[in-house]
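Student: My questions all concern the structure below.
Derivation of every value follows stated rules applied to the coordinates shown; laboratory data play no part. From a predicted model like this one, the values you see are computed outputs, not experimental measurements. With ideal geometry, Cβ positions are generated from the backbone for all residues, glycine too; neighbour counts draw on all protein chains shown.
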Amino acid sequence: MKKEDQRIKVTKMLIRKALSKLLKEKSFEKISIKELCDLASINRGTFYSHYKDLDDLQNQIYKEFLVSFKGSFDASFKNPNTSTLTTESLIASILTYIKEYKDICIIMLHGNNNRVFLASLNEIGKSIVESVYPKLFEIANQNDLDVFYSFVSGGAIKLILEWLDRNCDMDVNELSIKLNLLIKSTINYFNK
């Protein structure tokens, strides 16, 4: 895979930031390439040298984010233990990652593929739970894992979406403490 030079990275970042800003003002369907290029201070030819259309832009952002997101947490789950899965520091690192790439999350949550994006994030989390939790809680069966993950992921995703919509108004550490407490109390489900 050919590495992008710095100019291309900067151009794509400008496009992404412009799209994120426009999505705060209007729906994805109402954004034109012209206004996106004007806001990003690039010409349309530059946009088309990287993307076919807005859907292609969104799809590329989506794929890059998911690969990066999954890769950033794979190491944490190579040798899991109960504290690895419930530490505030792990949750804080996930929230910090989401906050750092908030503009991408906004693009994905407000674009045409928002359900696909959320489902993909959910699948990443579910694959971790399914590969790690049976090792930590030997009594857990697949049904228990499904119930646990549906409950925890639904609540965590909703809380994180509201946090993003409020421009990350709560400190990462404060939110990670709250999520950690909720997840820890839910893990008791496996000790029934």
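Student: Just how far, in whole angstrom, is the range 138-191 from the range 1-66 if you go by their alpha carbon centroids?
Tutor: Using only Cα atoms to place each centre, the spacing works out to 32 Å.
Student: Also: For the range 1-51, what's the radius of gyration and Dmax over Cα atoms, in angstrom?
Tutor: Values for the range 1-51 (Cα only, Rg and Dmax): 11.5, 36 Å.
Student: With Cβ to Cβ distances under 11 Å as the rule, what net charge do the other residues near Met170 carry (K, R +1; D, E -1)?
Tutor: -1
Student: Follow-up question, since we're still on this one. Using Cβ counts within 10 Å as a stand-in for footprinting exposure, how do Asp38, Asp103 rank, fewest first?
Tutor: Working: Asp38 13, Asp103 18.
Starting with the residue having the fewest Cβ neighbours, the order is Asp38, Asp103.
Student: In addition: Obtain the nm distance between the two label points defined at Val147 and Lys34 by a simple spin-label model: each point lies 7 Å from its Cα along the Cα-to-C-beta direction.
Tutor: 5.8 nm
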